[in-house]
Amino acid sequence: MPTLTDIALDAMGSDKAPDPEIKGAILACRHLPIRVHLVGPEDRLRAALEDATGGEDLPIVIVPAAEWITMDEKAATAIRKKPGSSMRVGLRLVKEHKVAGFLTAGNTGAAMAVAKMVLGALPGVDRPSLSALLPTSSGSRCVLLDVGANVDCKPHNLEQFAVMGEMYARSVLKIPRPRVGLLSIGEEEGKGNDLTREAFPLLKQLSINFIGNVEGRDIYNGNADVVVCDGFVGNVALKTSEGLARLVRDLLRQSLNSTVTAQVGALLSRKAPRPFRVRRRPAARPPRSLHRESWLIQ
């Protein structure tokens, strides 16, 4: 039997918790060599897990946590008032080397704050960063960071994001020499606002493959492997991309249902969109060495 990798999962993170988390844990344990540590209220999780598995023997462990942080709570207040939250309990498992990683679909600000408090930061890292892996027209993936953890950044923060993104692309995506770009409103060195103009020379002097300024379209055309920006710009770019993807889906659906001929054509080509869906959602079936696309880089 293969050795199982232990992963902690915040069972109370999502809006409809714990049902989505339990279903996800079951699917993960069926298809991946992992053991899931479900963190949350023990009695509630045990009853829901028994109903969902129907007695199936799966490597799922329940870790008790009496409290959880909701989406509408302020991070600082929640951390202070809920020392026994599912986030903190799960991250303690990481710190104690009992699990290899921790996942949550909960309050992003609280997750970042608790992670920094419990795990600390690597030497030379002032602020952790949220990253997103986005598909490109060339078939590769682009690491975009920061996508919301740090709304206000200093130039040295972008410098650190560039190093972290480059390391992630090289070690996880296996890109030998990742191309790192600074997101701006033009490719010329002098373009952008004060932040990007001041960050440019800092990235330029790094021992990475810095290709200069890139524009929004370069996130998807495969010209860059890592795109660096502050959290405000990155979050807007990410949410705009999500909205555009939904628009394309809805327009395609409307078009295919517009006439009888289109409906027949849609039936004949049902399998054709599958490669598109897989590339649009690169985290849908992660490789065994990567249990989830990494959203926390620090």
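The values are calculated or read from the model by the stated rules, or taken from the named source; none is laboratory data. This is a predicted model, so every value here is computed, not measured. Cβ sites come from the backbone with ideal geometry, for glycine too, and all protein chains shown count toward neighbours. Note: areas computed on protein heavy atoms with side chains; ligands, DNA, RNA excluded. Shrake-Rupley method; radii C 1.70, N 1.55, O 1.52, S 1.80 Å.
Values as computed for the structure displayed
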quantity	calculated
Kirkwood-based shape ratio for the stretch 178-221, expressed as Rg/Rh from alpha carbons	0.94
Nearest-20 debye value, the stretch 1-160 charge dipole, Cβ charges on Lys, Arg, Asp, Glu	420
Within straight-line cross-link reach of residue 98, lysines at Cα separation under 28 Å, skipping those fewer than 8 residues along the same chain	16, 23, 81, 82, 116, 174
Inverse mean reciprocal Cα-Cα distance (Kirkwood Rh) of the stretch 155-201, Å	11.5
Bridge type composition, the chain - antiparallel percent by DSSP, nearest 5	20
Where the stretch 118-265 is the region considered: accessible area per residue in Å², 1.4 Å probe	50
Alpha-carbon centroids, the stretch 179-215 and the stretch 216-235: separation in whole Å	11
Magnitude of the charge dipole, the stretch 113-240, Cβ model with Lys/Arg +1 and Asp/Glu -1, debye to 20	440
Amide N of the stretch 175-215 lying under 19 Å from the label point, which is placed 7 angstrom from the Cα of residue 244 along Cα→Cβ	181-187, 213-215
Over the chain: helical MRE at 222 nm, DSSP H runs n ≥ 4 each giving -39500 (n - 2.57), nearest 500	-13000 deg cm²/dmol
Extension gain from residue 31 to residue 154, taking 0.36 nm per residue of separation minus the Cα-Cα distance	40.0 nm
Relative packing of 47-58, 73-84, 223-234, which averages over residues the other C-beta atoms within 10 Å, highest first	223-234, 73-84, 47-58
Estimated dipole of the chain in Debye, rounded to 20 [Cβ of Lys and Arg +1, of Asp and Glu -1, Cα centre]	820
Apportionment of accessible area to carbon and sulfur, the chain, percent (1.4 Å)	56
Kirkwood hydrodynamic radius of the chain, from inverse mean 1/r over distinct Cα pairs, in Å	21.0
Rg(Cα) / (2.2 N^0.38 Å) computed for the stretch 1-142, rounded to two decimals	1.11
Relative contact order for the chain, counting Cα pairs under 8 Å that sit 6 or more residues apart, in percent	17
Segments 3-14, 186-197 sorted - mean Cβ within 10 Å per residue, highest first	3-14, 186-197
